1. At pLDDT 80 or above, under 18 Å from Val6 (Cα atoms) and part of a helix (DSSP H, G or I), is that true of Arg34?
2. If a residue has to be under 26 Å from Lys10 (Cα atoms) and among the charged types (D, E, K, R) to count, how many in the stretch 21-77 make the cut?
3. For the stretch 33-59, which positions are over 27 Å from the mean Cα position of the chain (by Cα) and of a type outside the set (Val, Ile, Thr)?
4. Kindly evaluate Val78 against the criterion of being hydrophobic (A, V, I, L, M, F, W, C) and either touching a strand residue (DSSP E or B) at 6+ places or on another chain (Cβ under 6 Å) or under 24 Å from Thr3 (Cα atoms) (or both).
5. If Leu13 satisfies every condition in (1) in contact with a Ser or Thr (Cβ under 8 Å, 6 or more places away or on another chain); (2) exposed (fewer than 10 other Cβ atoms within 10 Å of the Cβ) but one, which is the exception?
6. Filter the stretch 8-29 for residues that are touching an Asp or Glu at 6+ places or on another chain (Cβ under 6 Å) and within 23 Å of Asn55 (Cα to Cα) and give the result.
7. For the list (1) out of contact with any helix residue (DSSP H, G or I) (no Cβ under 6 Å at 6 or more places or on another chain); (2) in a loop (DSSP other than H, G, I, E, B); (3) of a type in the set (A, V, I, L, M, F, W, C); (4) surrounded by 10 or more Cβ atoms within 10 Å (Cβ to Cβ), I need the number of the one condition that Ala24 fails.
8. Examine the stretch 39-46 for a residue that is closer than 30 Å to Glu5 by Cβ, assigned to a helix (DSSP H, G or I) and of a type outside the set (Gly, Ala, Ser), and state whether such a residue exists.
Amino acid sequence: METVEVFGQKYRLRSDEDEKHLRAVAAVVDRHMREVAGSLRVVSTEKVAVVTAMNFASQLERHQREVGARQAALTKRVDMLIKVVDRALAQSKDTSSEELSQKKTRARTTRKGKKSKK
């Protein structure tokens with residue numbers, strides 16, 4: 001259990017994270033709570049905590065929306081690139097099949113030509 005201080009109150013917390021991480025998170029929460037307290041007329045710890053939590057939730061939701069939009073754009077781009085690669089492979093395969101067919105035709109023609117000379 002680690003002890004951290006947030007907004008003048010000490011809290012004993014248990015975490016899967018290391019002490020450094022826990023202290024860093026507590027410092028972020030403390031800083032934000034002090035900023036919120038400075039902007040409110042009535043400063044009750046409960047109100048400061050709720051407004052701070054709402055601010056964090058708003059930031060989280062905005063970031064999740066941005067990440068979702070980026071993922072959608074990346075998915076669209078990857079799908080487009082897959083289509084480009086599939087078309088290129090299909091053309092390559094068609095070209096290879098065409099070349100193979102031409103080689104077979106030449107080989108048959110060459111064999112027929114040799115047979116007729118005999």
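1. In short, yes.
2. Residues flagged as under 26 Å from Lys10 (Cα atoms) and among the charged types (D, E, K, R) within the stretch 21-77 amount to 8.
3. Correct list: Met33, Arg34, Glu35, Ala37, Gly38, Ser39, Leu40, Arg41, Ser44, Glu46, Lys47, Ala49.
4. So Val78 does not fit the description; no.
5. Result: Leu13 passes all but (2).
6. If the condition is that a residue be touching an Asp or Glu at 6+ places or on another chain (Cβ under 6 Å) and within 23 Å of Asn55 (Cα to Cα), then Leu13, Leu22 are the ones that fit.
7. The single condition Ala24 does not satisfy is (2).
8. yes
The values are calculated or read from the model by the stated rules, or taken from the named source; none is laboratory data. Here the structure is a predicted model, which is why all the values come from computation and not from measurement. Note that we place each Cβ from the backbone using ideal geometry, even for glycine, and neighbour counts take in every protein chain shown.
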